[in-house]
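J.: There's a structure below that I have some questions on.
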Amino acid sequence: MTIVTDPPKESFRLGMLIYDSRYRSLTIQAVALIGFMLLAAWLISNAAQNLAALGKPIGFDYLADPAGYDINQRLIEYTSRSTHLRAAFVGLLNTLLVAVLGCALATVLGVIIGVLRLSRNWIVSRLMAIYVEAFRNVPVLLWIVFFMAVLIETLPSPRAFRGDDPTASMLLNDTVAITNRGVYIPEPLFTRSLGDISVFGAFGISIDLLVLLAVLAAGLWAAHRVAVRADAIQEATGDRPTTWWQRLLLIVGPVLVTLIALGFHLGYSELKGFNFQGGIHLRNSLIALWLALSLYTAAFIAEIVRSGILAVSHGQTEAAYALGLSPNRTMNLVILPQAMRVIIPPLISQYLNLTKNSSLAIAVGYMDITGTLGGITMNQTGRELESVLLLMLVYLAISLSISAVMNWYNNRVKLVER
Amino acid sequence: MKKTVVFGTFVAMGLAAGAGAAAAGTLDDVKTRGKLNCGVATGVPGFASPDANGEWQGFDVAVCRAVAAAVLNDPAAVEFVPTTGKTRFTALASGEIDMLARNTTWTFSRDVDLKFDFVGVNYYDGQGFLIPKEMGVTSARDLNGATVCIQTGTTTELNLADFFRINNIEYEPVPIETNAEAQQQYIAGACDVYTTDASGLAASRATFEDPAAHVVLPEIISKEPLGPLVRHGDNEWGDVVRWTLNALIAAEELGVTSANVADMAAEAGNNPEINRMLGTEGNLGEMLGLDADWAKRAIAVAGNYGEIFEKNIGENTPIGLARGLNAQWTEGGLMYAPPFR
């Protein structure tokens, strides 16, 4: 028989909030939270009051007014009579364009440089070390301005292409013109175009592009099925059928057929009047910003890749060699998959950095969202608070989206542990 | 949690410091501080640029110095704050500067919506186009397809869009932050045309290696009355800046120059308006919250409006601007100071 004694019932007293260690931390947190909220409330009311005193109540109506200014690089239709909101959207697309291009190039360069820095070739590894140190230790703004200055000062202006005896000429059979206003390349055109599909009535997306993407995706999926079947045959019989030409045909064939069906041809740029007309115009501002951001971020990514590879124990390499794997396959099948789990998390923050650094675009006159909404629109309408708040919201949304995608990818590649 | 609170506090302190400005009279602030914070351009030769000794010189700078002399009795008591087309209004609205004298166009929305007060016009300007002579262009209407360098955040950006749209011609804008960068791109041929106020174009051209190789096209596509401005709502301070500018303009009309202002202010003369302005009669200075000699000091710094014009941007300077619209009304121009009465 056991005797159970109830613990003495303690009634709750107010003093216990401070003197009882069970409640103290809660009390402190509650007080801090209240203090923080009061502070926030005071700040907001202060801002609202000051703006009211200035006679500038907060409002977002200005976004519906005509912007009145032109933007040189626009991925969707835009004229100076369009609204400020649309101008902001044009800027947003420009931001996303340079961010995506930048992340892609930075990743490719970063991986190559990171691997090369581990090379046993002394000169190669030293050169890569110099690259990394030079790029990551100089502010990115200087690199952007530097690239722009180089492009403007060293390349010929369109005037140099003119006349009977021009000092500059177009490259690659007269298809590409490199000038100090940008690079002009041929553009894809379709004689039997399917037209545009309107999204929300706000902007059009080329149906040709969508069809091509769909065909490409289908081709990739079919090629993947062939590979899976080849794997199955190899598992069953030990013989791997030769499938590379089937897969290549499945990917390239349908795309080619679609291109011919749509009447694909290239539109070349020509010197007409002051400038080259036609073709795709990659402006200097985009090129300078893209290169500077990519090369700068690539230096950081190279270090991340190097650290990731070094984090995989050397025993793994030796074990792979012992199994008879070639150095290439060792890197691809053993080392890199394990290095990924070290590489991905810091890589996310590099992508975020690149995207946020793209707001330095105005230094070279690239019209990103900071240049349109946070620049000209803010300046012409005088709506500083609203514009900056919107701008912060946009960057927050972009950053969180990148984070979400990369975290999803990280979860897929991370080591599965028991 | 703790981190959030600490961080929040820092942010809050930063914001509070920013929000604390405004209120109180600017005139008193300037007197207490002993220094006038004057916003100028980042460097437009003839209008506002530092000379070899780092001293700010120019047509707009002279207005700042005149106000400093009138209020603080010291034309050197000015803190010049260089502002770009983008930063100038925020700098003025936030109280970082007391007045802005930076070739800024007086427009309805800036006056009414942005909550500033333009105290007058010190230069009547218009937007023009600068283009190399070798291009053989004689009219702005021939600029179809041209690449145009433009300072971003200015009224010229809007005028340009309107001009090309109305004339139904295409162009490629290259937005640029400062005058210096625009000149660099223009010289390198990264743009065909540089557009800004005609006075600014003349100033830029004067700094080129071969000014004669560039022409300003005949079309003036806008009205650009440039003048100093202050925050809306502080009328006492606005009056001080407005009447200092008017004193400079009236002095030219009345024949008061830097050479004779000391004599004229010594004792009352025949012309009662000069007497009232220079403080030998009446109490205009007191009404402004200044002493009787305010206008005398303002004029003594660099002379009257005409002298300032000739010294900084007149026909005998590298800028070489004619008086044109900026002559006195008595000589067919638009410069017209209200009476000192």
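The values are calculated or read from the model by the stated rules, or taken from the named source; none is laboratory data. Predicted, not measured: the structure shown is a model, and the values here were computed from it. Here the Cβ positions follow ideal geometry from the backbone for every residue, glycine too, while neighbour counts run over all protein chains shown. SASA here: full protein model, heavy atoms, side chains in, ligands and nucleic acids out. Shrake-Rupley method; radii C 1.70, N 1.55, O 1.52, S 1.80 Å.
J.: Can you pull the one-decimal nm distance between simple spin-label points at A:I260 and B:V112, each 7 Å off the Cα toward Cβ?
T.: 6.5 nm
J.: Would you tell me the accessible area of B:E315, worked out with a 1.4 angstrom probe on the heavy atoms of the protein chains, in Å² to the nearest 10?
T.: Spelled out: B:E315, probe radius 1.4 Å, area about 130 Å².
J.: While we're on this one: Where both residues lie in chain B, what percent of DSSP beta bridges are antiparallel, nearest 5?
T.: Restricted to chain B, the bridges split so that about 50 percent are antiparallel.
J.: Which residues in the stretch A:38-68 have a backbone N closer than 16 Å to a point placed 7 Å from the Cα of A:T83 along the Cα-to-Cβ line?
T.: So the set is A:59-68.
J.: Still on this structure: Could you order peptides B:243-250, A:21-28 by the average number of other Cβ atoms within 10 Å of their residues, highest first?
T.: Going by the mean number of other Cβ atoms within 10 Å, highest first, we get B:243-250, A:21-28.
J.: I need the semi-axes of the equivalent ellipsoid of the protein assembly as shown: take the C-alpha gyration tensor, multiply each eigenvalue by 5, square-root it, list largest first in whole angstrom.
T.: Its equivalent ellipsoid spans semi-axes of 59, 40, 23 Å.
J.: Next question, about the same structure. Which one of B:T257, A:N72, A:V334 has its Cα pushed farthest toward the positive end of the charge dipole of the protein assembly as shown, where Lys and Arg give +1 and Asp and Glu give -1 at the Cβ?
T.: Going by the Cα projections, it comes out as A:V334.
J.: Okay, helix-only estimate at 222 nm for the protein assembly as shown: each DSSP H run of n ≥ 4 adds -39500 (n - 2.57), divide by all residues, round to 500 deg cm²/dmol; what do you get?
T.: Computed mean residue ellipticity for the protein assembly as shown: -16500 deg cm²/dmol.
J.: For A:S401, what accessible surface area do you get with a 1.4 Å probe? Give it in Å², rounded to 10.
T.: Only protein atoms counted, so the area is about 60 Å².
J.: Now for a separate question. Taking chain A as a Gaussian network, Cα atoms linked when under 10 Å apart, which of A:V211, A:V111, A:V305 shows the biggest mean-square fluctuation?
T.: Between A:V211, A:V111, A:V305, it is A:V211 that shows the largest mean-square fluctuation.
J.: Short version: what are the Cα gyration tensor semi-axes of the stretch A:1-104, square root of 5 times each eigenvalue, largest first, in whole Å?
T.: The three semi-axes for the stretch A:1-104 are 59, 25, 11 Å.
J.: Using +1 at the Cβ of each Lys and Arg and -1 at the Cβ of each Asp and Glu in chain B, identify which of B:T87, B:A161, B:G320 lies farthest towards the dipole's positive end.
T.: The listed residue farthest towards the positive side: B:T87.
J.: Under 25 °C and 0.890 mPa s, how fast does chain A diffuse according to Stokes-Einstein, given a Kirkwood radius computed over C-alpha pairs? Answer in µm²/s, whole number.
T.: 90 µm²/s
J.: So, R0 is 30 Å and r is the distance between the beta-carbons of B:N316 and B:Q184; what FRET efficiency does that work out to, to 0.05?
T.: Rounded to the nearest 0.05, the efficiency is 0.60.
J.: At A:W245 and A:L209, where each label point lies 7 Å from the Cα along Cα→Cβ, what is the point-to-point distance in nanometres?
T.: 3.6 nm
J.: Just want the answer: with Cβ charges of +1 for Lys and Arg and -1 for Asp and Glu, which residue in A:W143, A:F200, B:I187 is farthest toward the dipole's positive end in the protein assembly as shown?
T.: Of the options given, the answer is A:F200.
J.: May I pose another question? Using 1/(1 + (r/R0)^6) with R0 = 35 angstrom and r between the beta carbons of B:R33 and B:T330, what's the FRET efficiency to the nearest 0.05?
T.: FRET efficiency, B:R33 to B:T330: 0.35.
J.: By how many nm would the segment from A:E133 to A:I18 lengthen if fully extended, with 0.36 nm per residue of separation less the alpha-carbon distance?
T.: Full-extension gain reported as 36.1 nm.
J.: Oh, and also: Would you tell me the accessible area of A:V150, worked out with a 1.4 angstrom probe on the heavy atoms of the protein chains, in Å² to the nearest 10?
T.: 60 Å²
J.: Mind telling me which of A:I34, A:I44, A:I260 comes out most flexible in a GNM of chain A, alpha-carbon contacts under 10 Å?
T.: Most flexible of the set in this elastic network: A:I34.
J.: Any idea how far apart A:W122 and A:R412 come out in nm if each label point goes 7 Å out from Cα toward Cβ?
T.: Simple spin-label model gives 4.3 nm for this pair.
J.: Give me the residues in the stretch A:372-398 whose solvent-accessible area, probe 1.4 Å, is reduced by at least 30 Å² once all protein chains are included instead of the chain isolated.
T.: Flagged in the stretch A:372-398: A:I376, A:N379, A:Q380, A:E384.
J.: I need the per residue convex hull volume for the stretch A:262-395, using only the alpha carbons, in cubic angstrom as a whole number.
T.: That works out to 219 Å³ per residue.
J.: Using Cα springs under 10 Å in a Gaussian network model of chain A, which residue among A:Y184, A:Y19, A:Y69 shows the largest mean-square fluctuation?
T.: Between A:Y184, A:Y19, A:Y69, it is A:Y19 that shows the largest mean-square fluctuation.
J.: Same structure again: Along its three principal axes, how long is the stretch B:126-223 when you only count alpha carbons? Whole Å, largest extent first please.
T.: Between the extreme Cα coordinates on each principal axis of the stretch B:126-223 lie 35, 29, 24 Å.
J.: With a 1.4 Å probe, what is the total accessible area buried between chains A and B, in Å² rounded to the nearest 100?
T.: 3700 Å²
J.: Right, next: At 15 Å minimum axial length over the Cα atoms and a Kyte-Doolittle cut of 0.5, report the qualifying DSSP H helices in chain A, or say none.
T.: In chain A, the long hydrophobic H runs are A:21-54, A:84-117, A:122-136, A:140-154, A:207-237, A:244-261, A:284-310, A:384-413.
J.: For chain B, what is one quarter of the convex hull surface built on the Cα atoms, given in nm²?
T.: Seen from a random direction, the Cα hull of chain B projects 20.9 nm² on average.
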